[in-house]
Amino acid sequence: MTHRWTRSALLLAGLALAAAALASAAAARVEAGGGASAGKSVAVAFIYPKTGGLAAFGQEEYDGFQAGLAYTKGKCGGYTINPTYIDDATDPATAINAFKNEVGQGVKIVAGTGSSGIALQLGPLAAQNNVLYISGAAAADAITGLNRNTFRAGRQTLQDVLDAANIFPPKSTGKKIVVFAEDTAFGAGNVAAVQAIFGARGQTVSKILSPFGAADLTPYAQQLKNSNADAAFVAWANTTNAAAMWQSLQQQGVSKQMTIVTGLANRASYDAIGPLVQGVTLLSHYVYQAPKNPVNTYLVKWMAKNRKSVPDLFTPDGFVTAQMICRALAKGGTDTSKQISALEGWQFTAPKGRQYIRAADHAMLQPMFQVQLVPGNGGHYVVKVVKTVSPGNVQPPVTPFK
C-alpha cells in the first residue's frame, strides 16, 4: 500500500517533533538543576600535575576538588560547574599552553595548579585576560598580592614558617640555620621566609639547594652534615625523591648533629621521616584527624566512600577550590569582576576550619597544625595531633597588589 503525505500532515509532524525536542530540552534542564536557571553550566579548566614530580599532590587536589563539587552541588546560585581536567605534567610550558588554549575557547575560570613556579606564571596571564584564577597547593608567597584576578586555595610558605617559629624558640634552634630544599620557586620561597622570620630573631640563615628531581642526594646531605648548623629547615615538595632525600639525611646522621625543623608531608612519607624526628613537633598544613567541623567530617566520609581512603595533605586545597568557584558563581554570576568582589573578604568553613580571604592581597588566612609522628602498628608511623594554631597566629604580612 502506498502512503501519500499532504503538506498539512508534514507540517503537523514537524511541529510535533519540534515540540518534543523542546520538551526534552526543558526536561534536561530541570533534571540538571531543577529549572532553567539551575541548568546554566559554566566551564572551568582544572590544570593540575597528574604526572611529573608533584603527581601525588596533584591526585590529592583532584580528589579534594571532586569532593568539593559534590559538597557544593546545588549551592552555586543556579549554576553548575563543568570542569575540564588537564595534566600539566609539573611543567610550566605545558601549563601555560593549556591555560591559553582554554581561555582562547572562552573559559573564564581556571584553577588547580599545584606548582609554585607554574602558578607564578599563570597569575599574570589571568590578569591580562581578565579571568578568575585560583591556584591550589602552590605555596609561594609571591602568589599573594600578585593581582586581583589571582587567588589561592591553599596556604603560603610564610604560614608554614610562622607555624614553625611558634614551635621552635630561638634557643632550641641555635644561631645557625640551613634551609635544605630543591632549587625551585618553592625552595627559594622557603629560604626567603625563613630569613624573614628566623633571621629577624638574630639567627643566621643559609641554604643548600639541590636540582629538582635529583636522583642522588648524598652529596647535598653531606654538605648539610658538614655545615656545622644548629638546625636544618627541610622544605621538600617533590614526591618522586622525597623518600630518598630523607634516607640520605638518615644515612649521614644529620638528625644526631642538628635539630630538624620541617613540615609533615603526605602520608606516603611518614615511615621515611618518622625515625628522624622522634620527639620533634612538626608544622602541618593539614592532617584529617585535627579539624573538628562538619565540612571536614563530610570530606572524610566522602573519601572513605569514594576513594576507600582518608584525606591527605592537599586534599582540602582541592575542596576549597570548589567552594571558592561555587561562591564566585553564586554571588558574581559569570562576571569576572563580580566574582572577584564576591571572594574578597569572604569568611567560610573549610575542611581545616574557619578561613578568610583577605581583600587587601588575597591571602588565605587559615588555621595551621602542630603534630608528631609516633610509632604505630607494624613498624609504621602515625600522626599525633599536638595543637591547632589559629589563623591570626600565622597571619602573613599584607602584600599590596603590584
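Just a few scattered comments:
- Just one residue in the set 224, 217, 249 is touching a residue at least 12 places away in the same chain (Cβ under 8 Å), of a type outside the set (S, T, N, Q) and touching a Lys or Arg at 6+ places or on another chain (Cβ under 9 Å); that residue is 249.
- Qualifying residue in the stretch 371-386 (condition: touching a residue at least 12 places away in the same chain (Cβ under 8 Å), outside any strand (DSSP E or B) and among the aliphatic types (A, V, I, L, M)): no
- Answer residue from the stretch 193-227, given it is under 17 Å from residue 169 (Cβ atoms) and part of a strand (DSSP E or B) and is least open to solvent (accessible area, probe 1.4 Å) among those: 205
- Any hit, the stretch 118-127, residues being in contact with a strand residue (DSSP E or B) (Cβ under 6 Å, 6 or more places away or on another chain), β-branched (Val, Ile, Thr), open to solvent by less than 10 Å² (accessible area, probe 1.4 Å) and not in a loop (DSSP other than H, G, I, E, B): no
- Residues that are of a type in the set (Lys, Arg) number at least 1 in the following strands (runs of 3 or more DSSP E) confined to the stretch 250-363: 353-357.
Here is a yes/no grid of residues against (1) in contact with a His (Cβ under 9 Å, 6 or more places away or on another chain); (2) open to solvent by 10 Å² or more (accessible area, probe 1.4 Å); (3) farther than 26 Å from residue 287 by Cβ; (4) among the aromatic types (Phe, Trp, Tyr):
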{"position": "181", "(1), (2), (3), (4)": "no, no, no, no"}
{"position": "185", "(1), (2), (3), (4)": "no, yes, no, no"}
{"position": "229", "(1), (2), (3), (4)": "no, no, yes, no"}
{"position": "236", "(1), (2), (3), (4)": "no, yes, no, yes"}
{"position": "261", "(1), (2), (3), (4)": "no, no, no, no"}
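Okay, residues lined up against (1) in a loop (DSSP other than H, G, I, E, B); (2) crowded, with 24+ Cβ neighbours inside 10 Å; (3) in contact with a helix residue (DSSP H, G or I) (Cβ under 6 Å, 6 or more places away or on another chain):
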{"position": "133", "(1), (2), (3)": "no, yes, yes"}
{"position": "137", "(1), (2), (3)": "yes, yes, yes"}
{"position": "146", "(1), (2), (3)": "yes, yes, yes"}
{"position": "154", "(1), (2), (3)": "yes, yes, yes"}
{"position": "166", "(1), (2), (3)": "no, no, no"}
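- With respect to (1) touching a residue at least 12 places away in the same chain (Cβ under 8 Å); (2) within 18 Å of residue 250 (Cβ to Cβ), the lone exception for residue 211 is condition (2).
- The set of residues in the stretch 300-349 that are touching a residue at least 40 places away in the same chain (Cβ under 8 Å), of a type in the set (S, T, N, Q) and in contact with a Lys or Arg (Cβ under 7 Å, 6 or more places away or on another chain) comprises 334, 336.
The values are calculated or read from the model by the stated rules, or taken from the named source; none is laboratory data. Since the model is a prediction, treat every value here as computed from it, not as a measurement. Reconstructed Cβ throughout: ideal geometry from the backbone, glycine too, with neighbour counts over all protein chains shown. For accessibility, only protein heavy atoms count, side chains too; no ligands or nucleic acids. Shrake-Rupley method; radii C 1.70, N 1.55, O 1.52, S 1.80 Å.
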